[in-house]
Every structure is written in C-alpha cells, then in structure tokens.
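Asks: To start, I am sharing the structure in question, which I have written as structure tokens.
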Amino acid sequence: MIERTLIKDLSASPDGPVTVTGWVETVRDQKKVQFVVLRDETGALQLVRPRTAADVLEAAGETDDVADAISSLSQGSFVTVTGELKHDERVKLGGIEVKVETLVIDSLADPETPIAADSGIDKRLDYRFLDLRVPRNSLIFRVQTTFEHALRTWWIERDFVEIHTPKLMATASESNAELFKVDYFEGAAYLAQSPQFFKQMAQTAGFGKIFEIAPVFRADPSFTSRHATEFTSVDAEISYVDSHEDVMRMHEELLVAAFSAVKEKHGDEIQALFDVEVTVPSTPFPRIPLAEAKRIVAERGYEVPRADADMDPEGERRISEYVREEFGHEFVFLTDYDISIRPFYHMRHDADPQLTKSYDLIFNGTEISTGAQREHRIDVLEQQIREKGLKPEELGGYLDFFRYGAPSHGGFGMGLARVLMLMLHQANLREVTFLFRGPTRLQP
C-alpha cells in the first residue's frame, strides 16, 4: 500500500513532509506559481508549486519536470504527491497547503468531462462513477454505511441472528404479477421479491429474532421517483409477539438508534451539504388506524380516489402534514389495514376479522415499510389462502413450515433507499442508490 496521509488528517498533522493521493479538481497554471486542488475520499487540499524562471532553468541547462507535469493535468486525473505541509490561516481551503516536491501521474483523465454540475439525473447516472466524486453524493453512502452499522449493532446487542435468504425461488413470495422469471437449468426460477417466507421459516426453526439486509427484485414497470426493480430491503422478524404493536415498538427503537448514529457522525456535514438537519425521532411514534387517517385527510379536503381500501401517495403526504402539525413528528404508523389489501399471511383481529394486525410506516410523506403480526396457525393460514383465491397445495413448501409447531411472530420489511431519500430530503430514489435499476436502466 502507498504510505499516504488522508486529507482530513492533515489539519492535525505537524508541518513537514507528507504524501497525499487523489484526483485533480482544478488547476491554476500561472506564470510564477501553480495551484492544484486535490481531492481524496475525505476532503480537498490546495497544492502549490512555485515556478522556476525559464531563463534560470535555461542557464542551468535544466527543466522543471514537476511544473510540466502539473501543466499537463486534466480534471479528474489521479496523482500521488509528496511535499511539505504548511499550516497557513490565509489559505481559504482548510488553512493548510502542501508545497509540491514530486508529483507522479497515476492516471491522466480525458480532458472533456461528459457531465457537469447541471447535468440531468439520467445523464449523471450514465457516468455514475464521476457523479459520485462529488462530495455531496459520496456523503450519501457514508451515511448509508453508518445507518446500516447502527441497525446491525442494535440487533446484535439484542441477540438477533443475521440470516442470508436465497434470491432464487421456485414460487412467488408476494405477487405473481411482480416476478422476474429466469432460466434455471432445465426449468425456471424467480428472483425473490421478499425474504418473507424464509424469515418466517427462521421463526419455526426456533431462531427467535432475525434480521437481513439484502437485495430484492420487483418486476414493477413503475417510473416514479420512489420505485426500483432492484433495491435493498431491511428486514426483521421476532417470535412471541402479542400483536403488531410489539413489531412497531421494535421498529421505532431501531430507527431511533440508527438516526442517532447518523446525526452524531454526519449531522454537521449533512447540514452543510444538504441544508438538512437530521432529526432523531422521539418514541413512541404516532399511531393512527388507516380508517381514521382517511377520515382525517377527508376532513382536511382530500378524498382518497381509490377503488380499493388503501391509502394513496397523496393521502400519505396529507396525513404526514397532519402528524407534523399535531405531533411535531416526521413518522407515523398507519395501522389496521383491511384484509382485501393485505397478503394472506397477515393475522386478523379477533374483534374485527375484516382488519389485519398490520401497519405501514410513513416517513416525511412516503411509505418506507410494511409490518405485521403473521398468522402462524396452519388451519387459519390454509383458510386465508383459499379466501385470497389461491390454492394451499401450490404453497405446500411454505405451509410445511407451520405443520410442526410455530410461535406467534411478526416483522417488517423496509426500503433502505427510501429512508435515505427522505432523511436527506432528496426528490428521487435514484440520487441515493449506488447503481439504480429500473424498467429502462441496466447500465452501468
């Protein structure tokens, strides 16, 4: 490995010799002095190189190879520089600079850059590797790293087991309409839309508490700002629940831990680059039954124009506005969804079997998660499968999980990119996805 000092560590380093590496952001090639702004994954630095007068070099029969190398640099070129670090409060960029002694061009970039700051999202995605050099964009994935680490830490400290479920399946895990079918030797397989069935299998296996952070696939031809055909799902499932309330309590405590970690580590940077203050939510999150939420938005002038019993995106935005006004909260659990819009494995209320023990979690006006208590009684499961127009024999492998005893259990699935999008107040999922996949995008 090249012995180098990260730019973020230079401020705390004493004056003296250093080696830095990175890519060239700008070059000012003046007659008497050259300036280069160098950037690495941690920050930016000013490099300075005083020029030796041409007549002096000519008289000595010498050339200034370093100056010539700097003159040849194009934006984006990667270089390794050794020089003398000097702290100088007059330097606007961090109060430090490095006087260049040697410069090695590791890779010279083409001088014509294909994207600019004002390029549209599709063009920037074509050159995502360049787009991610922008500090604002690269910060997203350091935030994502901290967020995921905090989730895992919370889970592991509470004895959850991490599992890795298969992404090739013989049957649908959610909806037949959203399956990607792939060739599989002499037959066919399907890309997993959810780890749902396998999360439940882990409960019947006696694992007690599990989690997974992994990709899922949805053959959904949507072109909205919040949909993707491949995305990262954050899933958890726990045994011995009394109701979906236990799942919601776990879910909110988990998010408080993750938002706290992001705010502590990146809050100032997010404020500077996104003009967003990360708010750590208080618990408990507000809880509103879906029927009541629809009544509230209707009283505020919006009738949900759906033929089914579900809430629509505009309704989600309206109920979020209400929750911000009434509770000062960015999150709200909408609970107790009608059986007509929930899958067969959601448990139903004893007092009102038309409603499920389920919820959607809405964050800043957009759904980020669905959770529920699951039905674990084999006879009830088989009946609910039939009521959905499905055949129990077609779900035999899944139903086998419950034939030999199963604890009460529940859990959730949450879209990672949606959380990041809404946390950073971005308008599009594409901005917070490392490499976006949609109906018309499979590159790069």
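Asks: So, of the residues in region 309-359 that are within 28 Å of residue 398 (Cα to Cα), free of Cβ contacts under 8 Å to residues at least 40 places away in the same chain and acidic (Asp, Glu), which turns out to be least open to solvent (accessible area, probe 1.4 Å)?
Replies: Looking at residues that are within 28 Å of residue 398 (Cα to Cα), free of Cβ contacts under 8 Å to residues at least 40 places away in the same chain and acidic (Asp, Glu), I get 310.
A quick yes/no check of all residues on (1) polar (S, T, N, Q); (2) farther than 30 Å from residue 142 by Cβ; (3) within 30 Å of the chain's Cα centre (by Cα):
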{"residue": "345", "(1), (2), (3)": "no, yes, yes"}
{"residue": "356", "(1), (2), (3)": "yes, yes, yes"}
{"residue": "363", "(1), (2), (3)": "no, no, yes"}
{"residue": "381", "(1), (2), (3)": "no, yes, no"}
{"residue": "392", "(1), (2), (3)": "no, yes, no"}
{"residue": "416", "(1), (2), (3)": "no, no, yes"}
{"residue": "426", "(1), (2), (3)": "yes, no, yes"}
{"residue": "437", "(1), (2), (3)": "no, no, yes"}
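Asks: Exactly one of (1) at pLDDT 95 or above; (2) farther than 28 Å from residue 136 by Cβ; (3) part of a loop (DSSP other than H, G, I, E, B); (4) not polar (S, T, N, Q) is unmet by residue 62. Its number?
Replies: Exception for residue 62: condition (1).
Asks: Here's another thing I want to ask about it. Test residue 174 against the stated conditions and say whether it is over 19 Å from the mean Cα position of the chain (by Cα), modelled with pLDDT under 95 and of a type outside the set (Ser, Thr, Tyr).
Replies: Spelling it out, residue 174 is indeed over 19 Å from the mean Cα position of the chain (by Cα), modelled with pLDDT under 95 and of a type outside the set (Ser, Thr, Tyr).
Asks: Look through 81, 100, 37 and report the one residue that is open to solvent by less than 60 Å² (accessible area, probe 1.4 Å), part of a strand (DSSP E or B), in contact (Cβ under 8 Å) with a residue 40 or more places away in the chain and over 30 Å from residue 434 (Cβ atoms). Before you say what the answer is, go through the steps one by one.
Replies: Values: 81 fails: over 30 Å from residue 434 (Cβ atoms); 37 fails: over 30 Å from residue 434 (Cβ atoms).
The conditions single out 100.
Asks: Can you tell me which residues in region 289-308 are part of a loop (DSSP other than H, G, I, E, B) and open to solvent by 50 Å² or more (accessible area, probe 1.4 Å)? Walk me through it before giving the result.
Replies: Quick first cut of region 289-308, residues part of a loop (DSSP other than H, G, I, E, B) only: 300-308.
Correct list: 300, 301, 303, 305, 306, 307, 308.
Asks: Residue check: is residue 367 modelled with pLDDT of 95 or more, open to solvent by 10 Å² or more (accessible area, probe 1.4 Å) and part of a strand (DSSP E or B)?
Replies: Criteria met by residue 367.
Asks: Right, another one. So which residues in region 109-168 are over 25 Å from residue 269 (Cβ atoms), of a type in the set (Gly, Ala, Ser) and surrounded by 16 or more Cβ atoms within 10 Å (Cβ to Cβ)?
Replies: 109
Asks: Taking region 370-380, which residues are in contact with a helix residue (DSSP H, G or I) (Cβ under 7 Å, 6 or more places away or on another chain) and surrounded by fewer than 22 Cβ atoms within 10 Å (Cβ to Cβ)?
Replies: Result: 378, single match.
Asks: Please find, among 297, 276, 241, 262, the residue that is modelled with pLDDT of 95 or more, closer than 17 Å to residue 372 by Cβ, out of contact with any Pro (no Cβ under 8 Å at 6 or more places or on another chain) and not polar (S, T, N, Q). Let's see the steps before the verdict.
Replies: On the way: 297 fails: closer than 17 Å to residue 372 by Cβ; 276 fails: closer than 17 Å to residue 372 by Cβ; 262 fails: closer than 17 Å to residue 372 by Cβ.
None of the other options fit; the residue is 241.
Asks: How many of the residues making up region 387-399 are part of a helix (DSSP H, G or I) and exposed (fewer than 12 other Cβ atoms within 10 Å of the Cβ)?
Replies: Final tally of qualifying residues: 3.
The values are calculated or read from the model by the stated rules, or taken from the named source; none is laboratory data. Please read these numbers as outputs of a predicted model, since none were measured by experiment. Neighbour counts are summed over all protein chains in view; Cβ atoms, including those assigned to glycine, are modelled from backbone coordinates with ideal geometry. The area values use the complete protein model at the heavy-atom level, side chains included, leaving out ligands, DNA and RNA. Shrake-Rupley method; radii C 1.70, N 1.55, O 1.52, S 1.80 Å.
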